[in-house]
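**Student:** Just dropping this structure here.
Readers should treat all values here as calculations from the given coordinates under stated rules, not as data from a laboratory. Remember, predicted model here, so these are calculated numbers, not experimental data. Heads up, the Cβs are rebuilt from the backbone with ideal geometry, glycines too, and the neighbour counts pull from every protein chain shown.
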Amino acid sequence: EFNVGNGEVCDALEFLAADMKKGEKAILTCARPSSCAEEKLGLKTIFAEKVVLTLEMQDFAKAKETYSMSEEEKIEFGAARKEVGSNLFRSGRMELAMQRYKK
């Protein structure tokens, strides 16, 4: 279990999970094994040329839409996204960090 986009898991899982629907299954082939290095999966260090993962989105909770937030909630939401983006940027996860700075 993880929150998509916060950098809690490897980039490959982050980007795949963001596009999946409840009950959907996917086969993920990582040509860059370093993008699949994930301690939660027992893949902290990978020595293979490619990694193939089978995933299933069991459930998800959709975040509150910004148009239904109060001004205070929007400010808190924006500040939290900026903080996550900054942390991802500092850790070298550029693609994921850029997603935090978008809507």
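**Student:** Find the Cα radius of gyration of region 44-103, compare it with 2.2 N^0.38 Å by division, and give the number to two decimals.
**Tutor:** Numbers: Rg = 16.2 Å, N = 60, 2.2 N^0.38 = 10.4 Å.
My calculation over the Cα atoms of region 44-103 gives 1.55.
**Student:** Taking the chain as a whole, which cysteines find no other cysteine Cβ under 4.7 angstrom from their Cβ?
**Tutor:** So, Cys10.
**Student:** Related question: Would you kindly state how much longer the chain becomes between Ala26 and Thr66 on full extension, computed as 0.36 nm times their sequence separation minus their alpha carbon distance, in nm to one decimal? Walk me through the intermediate numbers first.
**Tutor:** Values: separation 40, 0.36 × 40 = 14.40 nm, distance 2.91 nm.
Gain on stretching Ala26 to Thr66: 11.5 nm.
**Student:** Quick check: convex hull over the Cα atoms of the chain, volume per residue in Å³, rounded to an integer?
**Tutor:** Numbers: hull volume 10.8 nm³, N = 103.
Cα-based convex hull of the chain, divided per residue, equals 105 Å³.
**Student:** About its Cα centre, what dipole magnitude does the chain give when the only charges are +1 on Lys and Arg Cβ and -1 on Asp and Glu Cβ, stated in debye to the nearest 20? Walk me through the intermediate numbers first.
**Tutor:** On the way: 17 positive and 18 negative charges, 57 e Å.
Here the size comes out at about 280 debye.
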